[in-house]
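Encoded as structure tokens, the structure appears first; notes follow it.
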Amino acid sequence: MSLPTILFWILAVISILSAIGVVVAKNPVHSVLLLIVTFFTITGFYILLNAQFLAVVHIIVYAGAIMVLFLFVIMLMNLNASGEPQKNNLVKFAGVVAGGLLLIVLVAALKKADTGMLIQGSTNIGLIQNLGKVLFKDFVLPFEVSSILFLSAMIGAIVIGKKD
Amino acid sequence: MNALISTAVFGIFLMISGLFIKSKQAIRILAISGVVAAFVLNIIDFRQYGASATELFHGMLSVTNFGLLFIEIILGCVLVYFLLSGKDLANIGHYTGEYFALIFFILCGVVLAATYGNMLMLFLSIEIMSIPQYILAGSDKHNLKSHEASLKYFLMGAFSTGFLLMGIALLYGATGSFDITTMNLAGRPIDAMALAGIILIAFALAFKVSAAPFHFWTPDVYDGAPTVVTSFISTIVKVGGFVAFIRLFHIAFGSPDVDKHWLLVLSIITAATLIIGNVTAVFQQSVKRMLAYSSISQAGFMLFAVIAMNVLSWQGILLYAAAYSLATIGCFAILMKMKDYTYDGYNGLAQKQPLLALMNTIFLFSLVGIPATAGFLAKYFVLSAAVEKGGLLWLVILAVCCAAISAFYYFRLIWAMYFKAGDCQVEEHAITPAFKSVLALTALLVIILGVWPGLILAWI
């Protein structure tokens, strides 16, 4: 087994365990901390795939900004284990059945899927230089159009958040 | 792509104008002239593009005259909306410029929905249509129901966007392409991963057009949002979602060996939408909530255009977009002038405001699908498209039965207006001669389209 494969397996095990932990943990703060661990392991995958830019952005945006916001919200709302609303068993049961069915269908579908269809091209595609070229040549329209999306989100923050 | 540029630029322009122009009236007139300008610029564009797709920006947009015609219809409906309900929109709160700017951004999203050629643009168009809606739904800050509508819509919408992205990712994994024309699922045996992707995308889009069983957000959001906003999001944005739906499923997943996998699923969704929308609408006491359920049931009819996949269905969705939007915008414009939103609030409207009652009757006739109105021809086109497709006769029969049910709750309103004695409260000062004449023109347009659909269909 080569070094990348060993690293992949280590990261895979940690990421799945921590992702399960996010859902299972009773304390919301623990959930968020486990989510940060998950994000770091995903960053590890990006580095293994030679996508440095994505890896750095992932750390800065997700593990940095978004997670801090998550923590702020949780602390502001003062959630704790006892404050969690009790769901009745019927709802829980229905949720388990529905989610389980979706899982079975997806697993059954993806088990047979041919995952060898993507042919690996140049491994330098994730480097910043190449990414920039693609972004401003082939994907220049989505790049510009997404500014409208962000602008409307900013307007929303002002319209909803500001005091009358 | 004049329409894309003009809607985006006018959106930004209106946003900034809110800073300098304090008069709500002036901003409203600016917005109306913006729509007119976009309308004219789009006509100029129309001559340059033919029936075969023109690829722009490395295949990000694929422009056809169908797409441009659809944009033209939408811009026309928005013009009617601004003329009828612009004042109410300006008066929701303090941020008049921003409200109009958000409407223009939504229009930008609709333009993208009618012309996208790439999954990435599909995602962006759906999001640009959705996010301003969440804001507009919550713009009435003194009303708790408006807050609830906004939050509910946001959470559910974000969830369904997750489904959309997951579907797109799976499709990319299966085909190695984001481009809807080069995705080419037909050539080889279909992959399980691609199937899961198609189904997830279908669910996400069904959510956006409020098809059952993904409709649970609809009544609460449409009821809670300010009425003038409901009027917009239940018409323009909904048909915008449909054009995205129909283009994706016809162009990317439309070939016979692919569509056999999803046709039954969408047929069942259509049947459920028709039944749930119509049966629940019968039990509503509030006209606003009835119109919310009616928009679900009309979505059921529009889904026929998605599953039929032939020339008739493309024509049908164009006609349906115009007929449904005009009639619903008209109904909401009259609803906004009423003080009481229940059926009883309409009692005796025919004595007090005969013109309003008559116009409302024409709009409701169109929604039911009475001959000589646009709604009849629209329903006729989508249903005959399904008959031509074959194998969907059970669904067509179900749809006709549901149309009969829908007559009950639409006619109940007409009954209240004409045959029940009562003292309905109307905001007299808001019913100006200008409002009445625009309303009459809209009703006239509904009838003209019902007699002469060539007005729209001659262009494709």
All but one of (1) within 13 Å of another protein chain (Cβ to nearest Cβ); (2) more than 20 Å from A:SER152 (Cβ to Cβ); (3) open to solvent by less than 20 Å² (accessible area, probe 1.4 Å) hold for B:TYR153; which doesn't?
-> (2)
Filter result for B:ASP259 (at pLDDT below 95 and within 14 Å of chain A (Cβ to nearest Cβ)) | no
Which of (1) part of a helix (DSSP H, G or I); (2) modelled with pLDDT under 90 does B:TYR49 not meet, given it meets every other one?
-> (1)
Filtered residues of region B:320-377 (kept if at positive phi and open to solvent by less than 10 Å² (accessible area, probe 1.4 Å)) = B:GLY348
Among (1) crowded, with 23+ Cβ neighbours inside 10 Å; (2) more than 14 Å from chain A (Cβ to nearest Cβ); (3) touching a Gly at 6+ places or on another chain (Cβ under 8 Å), where does B:ALA53 come up short?
-> (1)
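Can you confirm whether B:PHE242 is away from chain A (no Cβ under 14 Å) and modelled with pLDDT under 90?
no
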For region B:121-134, indicate whether the set of residues that are away from chain A (no Cβ under 12 Å) and either under 29 Å from B:ILE21 (Cα atoms) or of a type in the set (A, V, I, L, M) (or both) is non-empty.
-> no
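Specify the residue that is most open to solvent (accessible area, probe 1.4 Å); the eligible residues are those in region A:133-159 that are part of a helix (DSSP H, G or I) and charged (D, E, K, R).
So the residue we want is A:LYS137.
Just for region B:298-319: of the residues that are of a type in the set (A, V, I, L, M), part of a helix (DSSP H, G or I) and open to solvent by 10 Å² or more (accessible area, probe 1.4 Å), which one is nearest to B:LEU383 (Cα to Cα)?
Top of the filtered list is B:LEU312.
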Sole exception among (1) within 11 Å of chain A (Cβ to nearest Cβ); (2) in a helix (DSSP H, G or I) for B:ILE92, by number | (2)
With the condition kept exactly as written, say whether any residue in region B:284-297 is basic (Lys, Arg), modelled with pLDDT of 90 or more and more than 16 Å from the chain's Cα centre (by Cα).
-> yes
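Just to be sure, is B:ILE168 open to solvent by 10 Å² or more (accessible area, probe 1.4 Å) and not small (Gly, Ala, Ser)?
When the stated conditions are applied, B:ILE168 passes them.
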Residue count, region B:379-425, condition among the β-branched types (Val, Ile, Thr) and surrounded by 21 or more Cβ atoms within 10 Å (Cβ to Cβ), comes to 1
Output the residues belonging to region A:38-53 that are closer than 18 Å to A:ALA12 by Cβ and not in a loop (DSSP other than H, G, I, E, B).
-> A:THR38, A:PHE39, A:PHE40, A:THR41, A:ILE42, A:THR43, A:GLY44, A:PHE45, A:TYR46, A:ILE47, A:LEU48
Taking B:ASN143 as the residue in question, decide whether it is within 10 Å of another protein chain (Cβ to nearest Cβ) and in contact (Cβ under 8 Å) with a residue 60 or more places away in the chain.
-> no
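Among the residues of region B:99-110, how many are within 18 Å of A:GLU144 (Cβ to Cβ) and either more than 10 Å from chain A (Cβ to nearest Cβ) or surrounded by fewer than 24 Cβ atoms within 10 Å (Cβ to Cβ) (or both)?
2
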Which residues, taken from region B:1-20, are more than 14 Å from chain A (Cβ to nearest Cβ) and surrounded by 16 or more Cβ atoms within 10 Å (Cβ to Cβ)?
-> B:ASN2
Residues B:VAL382, B:VAL400: which one is in contact with a helix residue (DSSP H, G or I) (Cβ under 7 Å, 6 or more places away or on another chain) and aliphatic (A, V, I, L, M)?
-> B:VAL382
Looking at (1) hydrophobic (A, V, I, L, M, F, W, C); (2) over 22 Å from B:MET156 (Cα atoms); (3) not in a loop (DSSP other than H, G, I, E, B), find the lone condition where B:ILE269 falls short.
-> (2)
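The values are calculated or read from the model by the stated rules, or taken from the named source; none is laboratory data. Remember, it's a predicted structure, so these values are computed and weren't measured experimentally. Every residue, glycine among them, receives a Cβ derived from its backbone with ideal geometry; neighbour counts consider all protein chains shown. For accessibility, only protein heavy atoms count, side chains too; no ligands or nucleic acids. Shrake-Rupley method; radii C 1.70, N 1.55, O 1.52, S 1.80 Å.
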